[in-house]
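The structure under discussion appears below in the form of structure tokens.
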Amino acid sequence: MKALILAAGEGRDVVPFTSTRPKPMIRIAGRYLLEHTIQKLNECGINDVNIVVGHMQNKVIDTFQGGGDFGTNIHYVRQQDARAGIGQAVSEAKDRFIPGEYFMLIYGDVLASQNIFRHTLQAFGVSRSAVASVNLTPSPEMFGNVYLDPRMKITRIIEKPLKEHRGNYVLSGVFILPYSFFSVLEEAGNSMELALSQMAGKNQLNASIWEGGWIDVAYPWDILNANQLLMNEWEKAVIDKTVALKGNVTIEGPVIIEEGVEIRSGTIIQGPAFIGRNSFIGNNVLIRNFTAVGPESTIGYGVELKNCIMFGRSTVGRLSFIGDSVIGTGVDIGSGTMTINRGELGKSVKTRVHEAVIDTGLKKLGAFVGDDVIIGAGNTIIAGTVINAGVSIPHNHSYPM
Amino acid sequence: MCGISGIIGSKNISGQLLNSIRNLEYRGYDSCGMALNNGKGISVKKNVGFVDDVERKEGLSRMGGKMGIAHTRWATHGSVSQANTHPHLSCRGDFACVHNGIISNYRALRESLQKEGHKFLSETDTEVIPHLMEKNFESLKDVEKAFVATLRQLEGTFAIAMISIYEQDRIYCAKFESPLILGLGKDANYIGSDFNAFIEYTKTAVILDSGEYAIVTGDSFTVKESLGMEPVEKETINISWDVEMSKKGGYPHYMLKEIYEQPQAIVNAMGVDREKIREIAEAMARSERTYLLGVGTTFYVAKYGQYCFSDISGCFLPSISSDEFTNLAEVDEKTTVLALSQSGETYDTLSAVRFAKERGAKIAVVVNVIGSSLSRLADYTVLQGSGPEICVISTKAAVSQMVILTRLAAEFACARGKINESQRDEIEKNLLQLPETIQRMLNEKSGFIHTLAHKYSHIKNWLYLGRGIYYPVALESALKMKEVSYVHAEGMPGGFLKHGTIAMIDSEHYAVVFVPPKEDKKLFDLTMGSIEEIKARKGFVLGFYFNSLDMNNDLFDERITLPSINAVSAPFLQLVAAQLFAYFTATALKRNIDKPRSLAKSVTVA
């Protein structure tokens, strides 16, 4: 079976990271979101992958190329107008598929614990007709909600329902569809919602209930949740043989430490944690659980990192604390920088996403720091702060001022 | 209990045989094995674990052979070990046998066989069978005669299947109390503990009666009576269950699948012929006393029934847990016993019913499985028609029985002249609204219940409270929680709380309260009173309540709002919501949903 991954969208709410990359290129638990998808498809024997690219497409193409490094075959479909919607994106890939065959359609911003694709394939194995994976989420108002009948047919799809209809299963963003879906989509004016609703109306869409963890990365704090979801699945430590532990390094729990990493004495790593290739971890560093230090990063003396995702090529200067935060690539954090990672008076932290200020529901949240940001020494970053890509902050401030 | 299966055909059947015990796994799943005759003697592979584990370890499906028997075990005699796993062989390996049930005289048989030099490899009662076969065959030189001689030496309740190297074209099987049926296919014939063993391959079946044995070949079968070896005419029946219904499809667990099948199960229960129900109602109305009987979930269903009879007819029909029946009940010819059992094989209920039958009582049963032992004892049988219930935890079968009991209570009230026919029709009309309302609730409340269950999955102790007919709902809901999530939950009448248990209540205690519809003012006010008592002591309350309620008070810490509905249907909605709450708690805790530890689908031992 061939797969179609939608990775063209702008994903503009994942501030500030999607201004410099498409959403599937966000790093979670040490790997690109897209990489997790490709790897799990590979595990269930799907290695003919078509990716619709649009927004910042070269970032995807330059990284994944023909797919050889990732054990798969990738063909790219370029969506001319990345804002034209997902129905349009699916249509543009029509030529890549074979009449009469089924294909798997995957929304590129969806992440699940374990293998949601295999589970959907199993349901397809029983029904031998179109299948949509569905799951329960605490925030059904953000997704397409489905009504099921006892035979697992989807009878109705309601997009982003009103409060009184909340609590339904939602579409997980993983489908197995027949080639004929392309003509249904065309008739529906390239509206994915309408096309799926029409199939449901004709009793042609089966549900596959997903009980595992599931996250749609819609906002920057979803990166932290997704990271925890994946790292919680880890069961063993994998430390590359080239890793240099310079005496008295304590490692607890499941960790992944890649090739060429050097860790100086006095450092404690509490897994689950990830340290990417060729990174340098200085003396007396405390890396706490759910931290992912991307490749080629430098962590200075006495730094504490907690539930912190660094995409890579960044530096954290000595005696800093970075907690519950996401740091883009090429970021330079000056020494003695403190993130404040909790809301005032025990309230949950709010974050500005473009013009809106959104309550994240998280009691602990630090900062979202875009690519190539420079933070001067001795800064304090307020909880929930978004620092846009390329911004420079002078020494010794409380940011935002 | 255990599951036994056998297949004989013209092609290699090892894959089919494996699939067959996989479909029987819910009958017992601590170990399994297969014995096949591949023309070069009998080969046996067996090990401990779920069927798929054993397949990985032993490669059961690759054994090869045109005839074979298989077994999935639920240990009763002897520990869970590879040696104790069926099939068992005779000393020379010329007979292989699988068995379900108990051979009560196995110690004596074993000792005498051992004295004669037979070597036993396991601690099971089963192993005496192949050794007896070997011994009897030596003297009688005929497999069938040896088989019958063996059967006559065995005491207890059992079903067995046996193959030998002397007759490579037939499987022998016999039924004494424990269930056993034959399946007749195009290219092969089948033996199984129930339909799930072969429903994928054939829908034509023959039900054996107790005391009968059968000789099954690839294209024929003969049933004989084990005392006289006289052939018995058997009728074939067609199974109407859909193959797909026995499969999980897109559902993650059978439990969720069966929760979703409840609307259909209710439709089927409403479709049960009125005459069948009236017949029982009239027998009960004629009796001096009627007992409602069940154990585990079916006891709570019986208790629900007790309230139903009281509500609708004003009559007191005691519900008794089957295992306590003989200690309590007064039984004579003027007694009717109404027994409930999904499988119809429940040991405790069967013995209670036998006890009552011996004393002349009329027996009525509500069961889900055709041809079960219980229905064979009964004067009246209602087949609830819920389709196979695979998950060990009962959901749809229980709800379906509740519907049948409600209908029965209405007919009974009619027969006693307490209500008229139009009042009865009104009750049935109300029940008919249930399927659609439950379907809607499943589609609109699942997410919310899921969120709540995950939020409170860390709670170790729950108190489940209800008053009146909501008390059995509380009991059954608490049992669901215990069974599937291994979380302690105690069901209790709301009024009982202040007589002792209330001493425990503080901010660390969590209660679920089933609030009746507001229209039921007396019960509603009393229930709210119980909540006040808990809140006054800073306890936590999760309320299952109906839409119509004016909820301007902050008594509840959390609430699950259900669609408002008539009083007859209200307990059903609460129970379904509580099933989901238990299910999602168990998924949050990553429990083995369809096969919880220490539980078997139907408990056929004392």
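The values are calculated or read from the model by the stated rules, or taken from the named source; none is laboratory data. Please read all numbers here as calculations on a predicted model, not as lab measurements. Positions of Cβ are backbone-derived with ideal geometry, glycine not excepted, and every protein chain shown enters the neighbour counts. Only protein heavy atoms, including side chains, enter the accessible area calculation; ligands, DNA and RNA are left aside. Shrake-Rupley method; radii C 1.70, N 1.55, O 1.52, S 1.80 Å.
Residues checked against (1) within 23 Å of B:Ile102 (Cα to Cα); (2) surrounded by fewer than 16 Cβ atoms within 10 Å (Cβ to Cβ); (3) not hydrophobic (A, V, I, L, M, F, W, C):
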residue: B:Leu132; (1), (2), (3): yes, no, no
residue: B:Glu138; (1), (2), (3): no, yes, yes
residue: B:Asp142; (1), (2), (3): no, yes, yes
residue: B:Leu151; (1), (2), (3): yes, no, no
residue: B:Ile171; (1), (2), (3): yes, no, no
residue: B:Ser178; (1), (2), (3): yes, no, yes
residue: B:Gly192; (1), (2), (3): yes, no, yes
residue: B:Ala197; (1), (2), (3): yes, no, no
residue: B:Gly211; (1), (2), (3): yes, yes, yes
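Which condition does B:Gly495 not pass, out of (1) of a type outside the set (S, T, N, Q); (2) touching a Gly at 6+ places or on another chain (Cβ under 8 Å); (3) modelled with pLDDT under 95; (4) surrounded by fewer than 24 Cβ atoms within 10 Å (Cβ to Cβ), if it passes all the others?
Unmet condition: (2).
Only residues that are touching a Phe, Trp or Tyr at 6+ places or on another chain (Cβ under 9 Å), within 14 Å of chain B (Cβ to nearest Cβ) and closer than 30 Å to A:Gly87 by Cβ: list them for region A:212-252, please.
Of everything in region A:212-252, just one residue is touching a Phe, Trp or Tyr at 6+ places or on another chain (Cβ under 9 Å), within 14 Å of chain B (Cβ to nearest Cβ) and closer than 30 Å to A:Gly87 by Cβ, namely A:Leu229.
Provide a single number: the residues in region B:359-383 that are touching a Ser or Thr at 6+ places or on another chain (Cβ under 7 Å), over 21 Å from B:Met270 (Cα atoms) and either of a type in the set (Gly, Ala, Ser) or surrounded by fewer than 22 Cβ atoms within 10 Å (Cβ to Cβ) (or both).
Taking region B:359-383 and keeping what is touching a Ser or Thr at 6+ places or on another chain (Cβ under 7 Å), we get B:361-362, B:364-365, B:367-369, B:372, B:374-375, B:381.
When the remaining residues are screened for being over 21 Å from B:Met270 (Cα atoms), the result is B:361-362, B:372, B:374.
Still in the list and also either of a type in the set (Gly, Ala, Ser) or surrounded by fewer than 22 Cβ atoms within 10 Å (Cβ to Cβ) (or both): B:361-362, B:372.
Residues that pass the stated criteria total 3.
Give me the residue from region A:110-159 that is hydroxyl-bearing (Ser, Thr, Tyr) and farther than 19 Å from A:Leu229 by Cα and, out of that set, farthest from the other protein chains (Cβ to nearest Cβ).
Pass one, region A:110-159, residues hydroxyl-bearing (Ser, Thr, Tyr): A:113, A:120, A:127, A:129, A:133, A:137, A:139, A:147, A:155.
Filter again for farther than 19 Å from A:Leu229 by Cα, leaving A:120, A:127, A:129, A:147, A:155.
Details: A:Thr120: 8, A:Ser127: 7, A:Ser129: 11, A:Tyr147: 4, A:Thr155: 8 Å.
Here the answer is A:Ser129.
Specify which of the listed residues (B:Leu452, B:Leu408, B:Leu432, B:Leu374) is among the aliphatic types (A, V, I, L, M), within 14 Å of chain A (Cβ to nearest Cβ) and in contact (Cβ under 8 Å) with a residue 12 or more places away in the chain. Spell out how you get there, then give the answer.
Numbers: B:Leu408 fails: within 14 Å of chain A (Cβ to nearest Cβ); B:Leu432 fails: within 14 Å of chain A (Cβ to nearest Cβ); B:Leu374 fails: within 14 Å of chain A (Cβ to nearest Cβ).
Unique residue meeting the criteria: B:Leu452.
Just the residues that are surrounded by fewer than 24 Cβ atoms within 10 Å (Cβ to Cβ) and either out of contact with any Pro (no Cβ under 7 Å at 6 or more places or on another chain) or closer than 14 Å to A:Ala244 by Cα (or both), please, taken from region A:268-278.
The answer is A:Ile268, A:Gln270, A:Arg277, A:Asn278.
Just to verify a result, which residue in region B:384-423, among those that are farther than 18 Å from B:Gly294 by Cβ and part of a helix (DSSP H, G or I), is most open to solvent (accessible area, probe 1.4 Å)?
Of everything passing the filter in region B:384-423, B:Glu421 is most open to solvent (accessible area, probe 1.4 Å).
It is to be established whether one or more residues within region B:172-182 are on the phi < 0 side of the Ramachandran plot, touching a residue at least 12 places away in the same chain (Cβ under 8 Å) and in contact with a Lys or Arg (Cβ under 9 Å, 6 or more places away or on another chain). Walk me through it before giving the result.
To start, the set of residues in region B:172-182 that are on the phi < 0 side of the Ramachandran plot comprises B:172-176, B:178-182.
Of the ones still in play, those that are also touching a residue at least 12 places away in the same chain (Cβ under 8 Å) are B:172-176, B:178-182.
Narrowing further to those that are in contact with a Lys or Arg (Cβ under 9 Å, 6 or more places away or on another chain): B:181-182.
The answer is yes; a qualifying residue exists.
Check B:Asn553, B:Asn592 and return the single one that is modelled with pLDDT under 90 and within 14 Å of chain A (Cβ to nearest Cβ). Give the steps one after another, and end with the answer.
Values: B:Asn553 fails: within 14 Å of chain A (Cβ to nearest Cβ).
Only one candidate passes the filter, namely B:Asn592.
Go through region B:209-297 and tell me which helices (runs of 4 or more DSSP H), entirely inside it, have 2 or more residues that are within 22 Å of B:Lys429 (Cα to Cα) and at pLDDT 85 or above. Write out each step before concluding.
Numbers: elements: B:254-260, B:262-270, B:274-286.
Of the helices (runs of 4 or more DSSP H) lying wholly inside region B:209-297, those with at least 2 residues that are within 22 Å of B:Lys429 (Cα to Cα) and at pLDDT 85 or above span B:262-270, B:274-286.
Being aliphatic (A, V, I, L, M), in the same structural domain as B:Ala159 (by TED's automatic domain parsing) and assigned to a strand (DSSP E or B) narrows it down to one of B:Ala70, B:Ala83, so name that one.
On the way: B:Ala83 fails: assigned to a strand (DSSP E or B).
Residue meeting the stated conditions: B:Ala70.
Would you tally the residues in region A:366-397 being more than 15 Å from A:Val15 (Cβ to Cβ), surrounded by fewer than 23 Cβ atoms within 10 Å (Cβ to Cβ) and small (Gly, Ala, Ser)?
Qualifying residue count for the region: 4.
Return only the number of the condition from (1) under 30 Å from A:Gly384 (Cβ atoms); (2) at pLDDT 95 or above that A:Leu229 does not satisfy.
A:Leu229 satisfies every listed condition except (2).
Return the residue satisfying two criteria in turn: it lies in region B:45-59 and is closer than 18 Å to B:Lys595 by Cβ and free of Cβ contacts under 8 Å to residues at least 24 places away in the same chain, and of such residues it is surrounded by the fewest Cβ atoms within 10 Å (Cβ to Cβ).
First pass over region B:45-59, keeping only residues closer than 18 Å to B:Lys595 by Cβ: B:47-56.
Then keep just the ones that are free of Cβ contacts under 8 Å to residues at least 24 places away in the same chain; that gives B:49, B:53-54, B:56.
Details: B:Gly49: 18, B:Asp53: 14, B:Val54: 24, B:Arg56: 12.
Result: B:Arg56.
Would you confirm whether any residue within region B:472-491 is within 16 Å of B:Tyr583 (Cα to Cα), within 14 Å of chain A (Cβ to nearest Cβ) and touching a strand residue (DSSP E or B) at 6+ places or on another chain (Cβ under 9 Å)?
No: zero hits.
Free of Cβ contacts under 8 Å to residues at least 24 places away in the same chain, more than 26 Å from A:Ile269 (Cα to Cα) and under 24 Å from the mean Cα position of the chain (by Cα) - does that describe any residue in region A:359-377?
Restricting attention to region A:359-377, the residues satisfying the condition of being free of Cβ contacts under 8 Å to residues at least 24 places away in the same chain are A:359, A:361, A:363.
Subset that is more than 26 Å from A:Ile269 (Cα to Cα): A:359, A:361.
Now restrict to residues that are under 24 Å from the mean Cα position of the chain (by Cα): A:359, A:361.
Yes, region A:359-377 has at least one match.
Test of understanding: among B:Val473, B:Val484, B:Val513, which residue is part of a strand (DSSP E or B), of a type in the set (Val, Ile, Thr), buried (at least 23 other Cβ atoms within 10 Å of the Cβ) and under 29 Å from the mean Cα position of the chain (by Cα)? Reasoning before the result, please.
Values: B:Val473 fails: part of a strand (DSSP E or B); B:Val484 fails: part of a strand (DSSP E or B).
So the residue among B:Val473, B:Val484, B:Val513 that is part of a strand (DSSP E or B), of a type in the set (Val, Ile, Thr), buried (at least 23 other Cβ atoms within 10 Å of the Cβ) and under 29 Å from the mean Cα position of the chain (by Cα) is B:Val513.
Looking at region A:48-77, which of its residues are open to solvent by 20 Å² or more (accessible area, probe 1.4 Å), assigned to a strand (DSSP E or B) and not aromatic (Phe, Trp, Tyr)? Write out each step before concluding.
Applying the first criterion (open to solvent by 20 Å² or more (accessible area, probe 1.4 Å)) to region A:48-77 yields A:48, A:55-59, A:61-63, A:65-66, A:68-71, A:73-76.
Still in the list and also assigned to a strand (DSSP E or B): A:48, A:73-76.
Residues satisfying the conditions are A:Asp48, A:Asn73, A:Ile74, A:His75.
Tell me which residues, restricted to region B:256-280, are aliphatic (A, V, I, L, M), more than 14 Å from chain A (Cβ to nearest Cβ) and surrounded by fewer than 24 Cβ atoms within 10 Å (Cβ to Cβ).
First, pick out the residues of region B:256-280 that are aliphatic (A, V, I, L, M): B:256, B:259, B:265-267, B:269-270, B:272, B:277, B:280.
Going one step further and asking which of them are more than 14 Å from chain A (Cβ to nearest Cβ), we end up with B:269-270, B:272, B:277, B:280.
Scanning region B:256-280 gives B:Met270, B:Val272, B:Ile277.
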